[in-house]
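Novice: Here it is: the structure, laid out below.
The values are calculated or read from the model by the stated rules, or taken from the named source; none is laboratory data. As the structure is a computational prediction, the values presented were derived from the model and not from experiment. Neighbour counts are summed over all protein chains in view; Cβ atoms, including those assigned to glycine, are modelled from backbone coordinates with ideal geometry. Areas reflect the complete protein model, heavy atoms only, side chains present, ligands, DNA and RNA absent. Shrake-Rupley method; radii C 1.70, N 1.55, O 1.52, S 1.80 Å.
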Amino acid sequence: MKNAKTVFECAECGASASKWFGKCQVCGAWNSAVEVEKELEKAEKTAKVKRIAPVYENDVVKFSEYEVGDTARETTGMSELDRVLGGGLVSSSVVLLAGEPGIGKSTLLLQICKTLASEGRKVLYVSGEESRDQIKLRAKRLEGVESAESLYLLTDTNVASITEKADKLSPDIMIIDSIQTVYSESVSSAPGSIAQVRECALSFISKAKNEGISIILVGHVNKEGGIAGPKVLEHMVDAVLYFEGEKIRSYRMIRAIKNRYGSTNEIGLFEMTDSGLTEVPNPSEMLLSDRREGVSGSCAVCVMEGTRPVIAEIQALVTSTAFPAPRRTSNGVDYNRACLLIAVLEKRLGFKFYTNDVYLNVIGGLRLDEPASDLAVTLALISGIRDVPVESGLIAIGEVGLSGEVRAVTEVEKRISEASRLGFTKILVPHRNMAKLNTEKYPGVEIIPVRSIYEALPYIK
Ligand SMILES: Nc1ncnc2c1ncn2[C@@H]1O[C@H](COP(=O)(O)OP(=O)(O)O)[C@@H](O)[C@H]1O
Ligand SMILES: [Mg+2]
């Protein structure tokens, strides 16, 4: 090619440089330089503008006179997913669902087809990863999907032919599983490369915007946990959802990283079973189901997962040590935070933790990264070292400072409501939070303000 000159592009963010680089100057990724031909890129770019730029209305309008059409939201049949989306799938939106292999992306999407492909809406499921047989076999396991009336299947990876076949069918909703497997003939690089992902995503986005189709794209996740492909993909779509499986170990969690139609604080919880993903609408009930009252070293704890309060149990096992340096292990509580709280209890209350090993565990694999769980952790520790249970029906909310003071926390009302819903009758809250609380709202619940951990001690007996 005439004047062909090679440039290097970052595979993570798409930034280009004239020389090879070990670390990307823009996003800081290591070893992400890939060689691309500039002339070719140029030709692609000009072609792209002509071919697939989304056609938005391009007249000037008076803002006050402009009326929006109704942004119809379609329920996906999974209220956990609907909540993360901000109330359902918005028509002509493009959603990117990202997650590690095997987490259940294809399963989830096939399951929501059951509801989406009802009431006369056509859903086209495009798979570039699996054969028809594999998809059909999976659908057999999932209740109601096999008989979904207006669900269509296409196994294809060529973006032009997908678009052509979709035009013939004119679906209302399209699912592309996954964006890394589709390719465009006008780009020379391999499927999954930045140029390909960008080009294919653009053509799906313009299709969604021009024709009013809702599109869900599946995205792979790279070694570092980011979405494989250029960062621009995240900027191009309307919502980015992450499907993860670590936080509550035996469970799957979906969270929004970006959402143009809703909050990004919400999470959705699922459990993977033989018959696909089932929703977990009440995580607290599930996490507390095996709890035994009257056992020492245990205290209920409340953390906020987005806008939803989740109650779990924290356990502390304190045993006398046989080692010169006592052991401390902590599962679900930050190790340094646990050491700090133990030090506060040694210094301020004189407990001899230095002659004891301490094992901390949060039930259900939940991670307490909020300081509001401090008070519950300290009560579990005290109850553990004294070998005396905390009072039955007690839950503790509050941050503990270095002098043993209990500090105010956010969203205390939501936590109290959830605790009283689950039958807790004594709730320790920071004194500072008391002023704004309407205690009459919770009949039968004793809300006890505490200024410091000393004041919480009588509740362990
Ligand atoms: N017969 C089965 N019984 C229970 N779970 C299964 C079965 N087959 C697959 N799974 C679960 O489904 C997961 C694969 O889901 P899939 O939707 O293909 O993931 P992804 O599309 O994210 O790669 C597996 O990791 C496994 O946990
Ligand atoms: Mg899959």
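Novice: Would you work out the relative contact order for region 305-461, in percent, from Cα pairs under 8 angstrom that are 6 or more residues apart?
Specialist: Relative contact order of region 305-461: 23 percent.
Novice: Counting DSSP beta bridges in region 71-281, what percent are antiparallel, to the nearest 5?
Specialist: Of all bridge pairs located within region 71-281, approximately 40 percent are antiparallel.
Novice: May I pose another question? Take the alpha carbon atoms of region 351-417, find their center, do the same for region 165-190, and report the distance between the two centers in whole angstrom.
Specialist: Result: 51 Å between the Cα centres.
Novice: With the cut-off at 26 Å, tell me which of the pairs Lys114/Lys168; Lys136/Lys258; Lys209/Lys258; Lys105/Lys209 have Cα atoms farther apart than that.
Specialist: Lys136/Lys258
Novice: Could you sort the peptides 6-12, 342-348 by per-residue average Cβ neighbour count (10 Å cutoff), highest mean leading?
Specialist: Highest to lowest by the protection proxy: 6-12, 342-348.
Novice: Another question, then. Let me check something: with ligands and nucleic acids excluded, how do Val232, Val303 order by accessible area (1.4 Å probe), largest to smallest?
Specialist: In descending accessible area the options line up as Val232, Val303.
Novice: Okay, moving on. Among DSSP beta bridges whose residues both lie in region 279-364, state the antiparallel percentage, nearest 5.
Specialist: That works out to approximately 80 percent antiparallel.
Novice: Let me ask something additional. Accessible area of the chain with a 1.4 Å probe: how many percent of it is carbon plus sulfur?
Specialist: Whole-percent figure for carbon plus sulfur exposure: 50.
Novice: Give the separation of the Cα centroids, region 100-161 to region 246-298, in Å.
Specialist: Computed from Cα coordinates, the inter-centre distance equals 25 Å.
Novice: Quick one: compute the contact order of region 380-461, relative version, from alpha carbon pairs under 8 angstrom and 6+ residues apart, as a percent.
Specialist: For region 380-461, the relative contact order is 36 percent.
Novice: I'd like the antiparallel share, as a percent to the nearest 5, of DSSP beta bridges with both residues in the chain.
Specialist: 55 percent
Novice: Using a probe radius of 1.4 Å on heavy atoms only, what accessible surface per residue do you get for the chain? Whole Å² is fine.
Specialist: Ligands and nucleic acids excluded, the figure is 48 Å² per residue.
Novice: Still on this model: Let me check against my output: what whole-number percent is the relative contact order of the chain, with C-alpha pairs under 8 Å and at least 6 apart?
Specialist: This gives 12 percent for the chain.
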